[in-house]
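Reading through the C-alpha coordinates given below for one structure.
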Amino acid sequence: MTPESLLLFVIAGLLLNLTPGPDVLYIVSHALRGGARAGMVAALGITAGCFVHIVAAAVGVSALMAASATAFTVLKWLGAVYLVYVGCRLLLSKAGPAIDLEAVSPDSTRANAQNGYTTIFLRGFWTNALNPKVALFFLAFLPQFIAPTVEHKPLAFLLLGLLFNFNGLWVNLGWALATAWLARRASLLKNSLHWLDRVAGTLFIGFGIKLALTQSPNA
(Lines give C-alpha, C1' and ligand atoms only; values in the text may rest on other atoms or scores of the structure.)
Protein backbone atom coordinates (compact mmCIF):
# COMPACT_ATOMS: atom_id res chain seq x y z
CA MET A 1 0.00 0.00 0.00
CA THR A 2 1.31 3.42 -0.97
CA PRO A 3 1.47 6.23 1.62
CA GLU A 4 -1.37 7.99 -0.22
CA SER A 5 -3.58 4.89 -0.04
CA LEU A 6 -2.77 4.40 3.63
CA LEU A 7 -3.69 8.01 4.40
CA LEU A 8 -6.95 7.62 2.49
CA PHE A 9 -7.70 4.43 4.42
CA VAL A 10 -7.11 6.16 7.76
CA ILE A 11 -9.25 9.18 6.85
CA ALA A 12 -12.08 7.01 5.52
CA GLY A 13 -11.96 4.86 8.64
CA LEU A 14 -12.11 7.87 10.96
CA LEU A 15 -15.07 9.33 9.10
CA LEU A 16 -16.90 6.02 9.22
CA ASN A 17 -16.26 5.67 12.95
CA LEU A 18 -17.66 9.16 13.52
CA THR A 19 -20.99 8.12 11.96
CA PRO A 20 -23.61 7.61 14.72
CA GLY A 21 -25.00 4.09 15.07
CA PRO A 22 -25.69 1.46 17.75
CA ASP A 23 -22.06 1.51 18.91
CA VAL A 24 -21.90 5.28 19.32
CA LEU A 25 -25.31 5.33 21.00
CA TYR A 26 -24.16 2.67 23.47
CA ILE A 27 -21.03 4.65 24.36
CA VAL A 28 -22.83 7.98 24.67
CA SER A 29 -25.64 6.61 26.83
CA HIS A 30 -23.21 5.09 29.32
CA ALA A 31 -21.01 8.18 29.40
CA LEU A 32 -24.07 10.27 30.21
CA ARG A 33 -25.27 7.98 32.97
CA GLY A 34 -22.00 6.72 34.44
CA GLY A 35 -19.35 9.29 33.66
CA ALA A 36 -16.26 9.29 31.47
CA ARG A 37 -14.89 5.99 32.75
CA ALA A 38 -18.15 4.16 32.07
CA GLY A 39 -18.19 5.58 28.55
CA MET A 40 -14.57 4.57 28.00
CA VAL A 41 -15.29 1.02 29.22
CA ALA A 42 -18.21 0.90 26.79
CA ALA A 43 -15.84 2.04 24.02
CA LEU A 44 -13.37 -0.71 24.93
CA GLY A 45 -16.17 -3.28 24.82
CA ILE A 46 -17.22 -2.09 21.35
CA THR A 47 -13.60 -2.24 20.19
CA ALA A 48 -13.17 -5.75 21.57
CA GLY A 49 -16.29 -6.90 19.73
CA CYS A 50 -14.89 -5.47 16.52
CA PHE A 51 -11.88 -7.78 16.81
CA VAL A 52 -14.27 -10.69 16.24
CA HIS A 53 -15.18 -9.32 12.83
CA ILE A 54 -11.58 -8.53 11.93
CA VAL A 55 -10.44 -12.08 12.63
CA ALA A 56 -13.52 -13.46 10.87
CA ALA A 57 -12.74 -11.41 7.77
CA ALA A 58 -9.11 -12.52 7.84
CA VAL A 59 -9.93 -16.24 8.02
CA GLY A 60 -12.80 -16.04 5.54
CA VAL A 61 -15.76 -16.43 7.88
CA SER A 62 -17.22 -13.14 6.72
CA ALA A 63 -16.97 -14.30 3.12
CA LEU A 64 -18.80 -17.49 4.06
CA MET A 65 -21.51 -15.48 5.78
CA ALA A 66 -21.86 -13.22 2.75
CA ALA A 67 -22.30 -16.31 0.56
CA SER A 68 -24.60 -18.21 2.92
CA ALA A 69 -28.07 -16.79 3.47
CA THR A 70 -28.57 -19.14 6.41
CA ALA A 71 -25.43 -18.05 8.25
CA PHE A 72 -26.26 -14.39 7.67
CA THR A 73 -29.85 -14.84 8.83
CA VAL A 74 -28.87 -16.62 12.05
CA LEU A 75 -26.39 -13.93 13.06
CA LYS A 76 -28.75 -11.19 11.89
CA TRP A 77 -31.54 -12.37 14.16
CA LEU A 78 -29.21 -12.87 17.11
CA GLY A 79 -28.01 -9.30 16.70
CA ALA A 80 -31.52 -7.92 16.20
CA VAL A 81 -32.89 -9.69 19.27
CA TYR A 82 -29.99 -8.45 21.38
CA LEU A 83 -30.43 -4.83 20.26
CA VAL A 84 -34.16 -4.99 21.00
CA TYR A 85 -33.36 -6.54 24.39
CA VAL A 86 -31.01 -3.66 25.24
CA GLY A 87 -33.64 -1.19 24.09
CA CYS A 88 -36.34 -2.78 26.23
CA ARG A 89 -34.08 -2.69 29.29
CA LEU A 90 -33.62 1.05 28.79
CA LEU A 91 -37.32 1.66 28.23
CA LEU A 92 -38.25 -0.28 31.37
CA SER A 93 -35.50 1.16 33.57
CA LYS A 94 -36.61 3.00 36.69
CA ALA A 95 -36.24 6.73 36.99
CA GLY A 96 -33.24 7.98 38.91
CA PRO A 97 -30.27 10.33 38.83
CA ALA A 98 -27.10 9.60 36.91
CA ILE A 99 -24.58 7.51 38.83
CA ASP A 100 -20.97 8.51 38.39
CA LEU A 101 -19.07 5.25 38.87
CA GLU A 102 -15.82 7.20 38.99
CA ALA A 103 -16.90 8.83 42.21
CA VAL A 104 -17.34 5.52 44.04
CA SER A 105 -14.73 5.33 46.76
CA PRO A 106 -15.89 3.27 49.77
CA ASP A 107 -14.53 -0.27 49.73
CA SER A 108 -18.01 -1.70 50.26
CA THR A 109 -19.24 -0.25 46.98
CA ARG A 110 -16.07 -0.44 44.93
CA ALA A 111 -16.75 -4.08 44.02
CA ASN A 112 -20.20 -3.11 42.76
CA ALA A 113 -18.62 -0.44 40.58
CA GLN A 114 -16.20 -2.98 39.11
CA ASN A 115 -19.07 -5.35 38.40
CA GLY A 116 -20.85 -2.47 36.70
CA TYR A 117 -17.86 -1.84 34.44
CA THR A 118 -17.66 -5.54 33.57
CA THR A 119 -21.32 -5.56 32.57
CA ILE A 120 -20.88 -2.42 30.46
CA PHE A 121 -17.85 -3.93 28.72
CA LEU A 122 -19.54 -7.25 27.96
CA ARG A 123 -22.74 -5.68 26.66
CA GLY A 124 -20.68 -3.39 24.45
CA PHE A 125 -18.77 -6.41 23.17
CA TRP A 126 -21.96 -8.25 22.20
CA THR A 127 -23.55 -5.13 20.72
CA ASN A 128 -20.77 -5.09 18.11
CA ALA A 129 -19.93 -8.80 17.83
CA LEU A 130 -23.54 -9.83 17.07
CA ASN A 131 -23.98 -7.29 14.28
CA PRO A 132 -23.41 -9.05 10.91
CA LYS A 133 -23.43 -5.72 9.10
CA VAL A 134 -20.08 -4.94 10.74
CA ALA A 135 -18.62 -8.19 9.40
CA LEU A 136 -19.91 -7.47 5.91
CA PHE A 137 -18.57 -3.93 6.15
CA PHE A 138 -15.05 -5.23 6.70
CA LEU A 139 -15.47 -7.65 3.83
CA ALA A 140 -16.54 -4.83 1.50
CA PHE A 141 -14.30 -2.03 2.79
CA LEU A 142 -10.89 -3.59 3.39
CA PRO A 143 -10.36 -5.26 -0.04
CA GLN A 144 -10.47 -1.82 -1.67
CA PHE A 145 -7.10 -1.09 -0.06
CA ILE A 146 -5.47 -4.46 -0.74
CA ALA A 147 -3.66 -4.80 -4.04
CA PRO A 148 -4.58 -7.89 -6.10
CA THR A 149 -0.89 -8.83 -6.21
CA VAL A 150 -0.60 -9.12 -2.42
CA GLU A 151 0.54 -12.64 -1.64
CA HIS A 152 -0.80 -13.04 1.89
CA LYS A 153 -4.27 -11.51 1.72
CA PRO A 154 -5.47 -12.86 5.13
CA LEU A 155 -2.51 -11.13 6.78
CA ALA A 156 -3.28 -7.92 4.88
CA PHE A 157 -6.93 -8.18 6.03
CA LEU A 158 -5.79 -8.62 9.60
CA LEU A 159 -3.30 -5.72 9.59
CA LEU A 160 -5.71 -3.27 7.97
CA GLY A 161 -8.49 -4.38 10.30
CA LEU A 162 -6.29 -3.83 13.34
CA LEU A 163 -5.33 -0.37 12.08
CA PHE A 164 -8.99 0.48 11.49
CA ASN A 165 -9.93 -0.71 14.97
CA PHE A 166 -7.02 1.14 16.59
CA ASN A 167 -8.07 4.41 14.98
CA GLY A 168 -11.70 3.71 15.80
CA LEU A 169 -10.84 3.22 19.45
CA TRP A 170 -9.69 6.83 19.77
CA VAL A 171 -12.84 8.07 18.07
CA ASN A 172 -14.97 6.03 20.48
CA LEU A 173 -13.01 7.26 23.47
CA GLY A 174 -13.51 10.78 22.15
CA TRP A 175 -17.28 10.23 22.08
CA ALA A 176 -17.14 9.04 25.71
CA LEU A 177 -14.99 11.93 26.98
CA ALA A 178 -16.91 14.61 25.08
CA THR A 179 -20.26 13.28 26.30
CA ALA A 180 -19.08 13.05 29.91
CA TRP A 181 -17.69 16.58 29.71
CA LEU A 182 -21.05 17.85 28.45
CA ALA A 183 -22.96 15.94 31.13
CA ARG A 184 -20.83 17.45 33.92
CA ARG A 185 -21.73 20.93 32.71
CA ALA A 186 -25.42 20.38 32.17
CA SER A 187 -27.29 19.82 35.41
CA LEU A 188 -30.34 18.55 33.56
CA LEU A 189 -28.33 15.74 31.98
CA LYS A 190 -26.51 14.99 35.21
CA ASN A 191 -29.48 14.90 37.55
CA SER A 192 -32.22 13.31 35.45
CA LEU A 193 -31.50 10.98 32.55
CA HIS A 194 -34.74 9.02 32.60
CA TRP A 195 -35.97 10.60 29.39
CA LEU A 196 -32.64 9.90 27.71
CA ASP A 197 -33.02 6.23 28.62
CA ARG A 198 -36.38 6.27 26.85
CA VAL A 199 -34.91 7.89 23.73
CA ALA A 200 -31.91 5.54 23.70
CA GLY A 201 -34.15 2.52 24.26
CA THR A 202 -36.39 3.50 21.37
CA LEU A 203 -33.37 3.99 19.10
CA PHE A 204 -31.88 0.62 20.06
CA ILE A 205 -35.18 -1.08 19.27
CA GLY A 206 -35.25 0.80 15.97
CA PHE A 207 -31.72 -0.39 15.16
CA GLY A 208 -32.77 -3.94 16.01
CA ILE A 209 -35.82 -3.80 13.74
CA LYS A 210 -33.74 -2.27 10.95
CA LEU A 211 -31.19 -5.08 11.30
CA ALA A 212 -33.95 -7.71 11.29
CA LEU A 213 -35.25 -6.30 8.01
CA THR A 214 -31.81 -6.32 6.38
CA GLN A 215 -31.65 -8.64 3.38
CA SER A 216 -28.86 -11.15 2.90
CA PRO A 217 -26.28 -9.82 0.39
CA ASN A 218 -26.85 -12.86 -1.84
CA ALA A 219 -30.65 -12.77 -1.60
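The values are calculated or read from the model by the stated rules, or taken from the named source; none is laboratory data. None of the values given here were measured: they were computed from a predicted structure. Note that each Cβ is placed from the backbone with ideal geometry, even for glycine, and that neighbours are counted across all protein chains shown.
Would you mind telling me which numbered condition in (1) within 16 Å of the chain's Cα centre (by Cα); (2) modelled with pLDDT of 75 or more G79 fails? The number of the failed condition is (2). What are the pairs with Cβ atoms under 8 angstrom where one residue, in region 140-162, is among the β-branched types (V, I, T) and assigned to a loop (DSSP other than H, G, I, E, B) and the other, located anywhere, is at pLDDT 75 or above and crowded, with 16+ Cβ neighbours inside 10 Å? Sequence gap at least six, or different chains. Partner pairs satisfying both residue conditions: I146/A156; I146/F157; I146/L160; V150/A156.
Check V134, V171, V86, V150 and return the single one that is within 29 Å of L14 (Cβ to Cβ) and at pLDDT 85 or above.
Every option except V171 fails the conditions.
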